[in-house]
1. Please work out which residue is nearest to the chain's Cα centre (by Cα), limiting yourself to segment 28-52 and to residues that are within 18 Å of Thr95 (Cβ to Cβ), at pLDDT below 85 and in a loop (DSSP other than H, G, I, E, B).
2. For segment 53-65, what are the residues that are open to solvent by 60 Å² or more (accessible area, probe 1.4 Å) and modelled with pLDDT of 85 or more?
3. State all residues of segment 73-87 that are in contact (Cβ under 8 Å) with a residue 12 or more places away in the chain and among the β-branched types (Val, Ile, Thr); if no residue qualifies, say none.
4. Taking segment 88-114, which residues are over 24 Å from Trp78 (Cβ atoms) and without any contact (Cβ under 8 Å) to a residue 60 or more places away in the chain?
5. Could you check segment 1-35 and list, in sequence order, the residues that are open to solvent by 50 Å² or more (accessible area, probe 1.4 Å), among the aliphatic types (A, V, I, L, M) and either without any contact (Cβ under 8 Å) to a residue 24 or more places away in the chain or closer than 23 Å to Ser75 by Cβ (or both)?
6. Which residues, taken from segment 76-111, are loosely packed, with under 13 Cβ neighbours inside 10 Å, charged (D, E, K, R) and closer than 16 Å to Ala62 by Cβ?
7. Output the strands (runs of 3 or more DSSP E) that fall wholly within segment 66-115 and possess 2 or more residues being touching a Cys at 6+ places or on another chain (Cβ under 9 Å), or say none.
Amino acid sequence: MRELRWTDDEVVADFIIPGDEHHVLRVLFTNHSVIIRILDEMPLSTENESTPNEGLVPHHFAYRIEGAVFEATQSETWKFTQNPATHYRFVTGWTCLDVLSAKEPTFQVVKRTPQSR
């Protein structure tokens with residue numbers, strides 16, 4: 001993941017496209033009621049999931065997840081007010097972004113901009 005921006009209206013995650021220094025893959029959630037988590041893949045692999053580790057596809061990084069600890073441990077109030085929410089997981093070679101959202105994300109390839117510091 002190259003950059004993450006969270007405003008009142010949206011969550012925007014830009015991911016590096018291997019071999020393309022001029023563009024990024026933008027994942028956009030336009031629902032402000034999201035829960036996100038960013039972590040390294042190593043801690044993710046140590047979570048005690050109740051479901052088998054199935055469905056990972058080579059050269060893919062975006063998944064819909066069911067029954068994960070991250071989703072199950074959120075407050076009942078949030079789950080009730082955002083029902084039905086979906087757990088999205090974006091896994092790169094070094095970062096994992098989990099997003100719980102009642103709305104589907106959009107995906108766009110956009111021009112890479114210089115990062116602000």
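1. Here the residue is Asp40.
2. To start, the set of residues in segment 53-65 that are open to solvent by 60 Å² or more (accessible area, probe 1.4 Å) comprises 53-54, 56-60, 64.
Selection gives Arg64 alone.
3. Answer for segment 73-87, where residues must be in contact (Cβ under 8 Å) with a residue 12 or more places away in the chain and among the β-branched types (Val, Ile, Thr): Thr81, Thr86.
4. Correct list: Gly93, Trp94, Thr113, Pro114.
5. Across segment 1-35, the qualifying residue is only Leu4.
6. Glu104
7. 86-91
The values are calculated or read from the model by the stated rules, or taken from the named source; none is laboratory data. Not measured: the values here are computed from a predicted model. We place every Cβ from the backbone using ideal geometry, glycine too, and count neighbours over all the protein chains shown. Accessible surface is based on the protein model in full, side chains and every heavy atom, while ligands, DNA and RNA are left aside. Shrake-Rupley method; radii C 1.70, N 1.55, O 1.52, S 1.80 Å.
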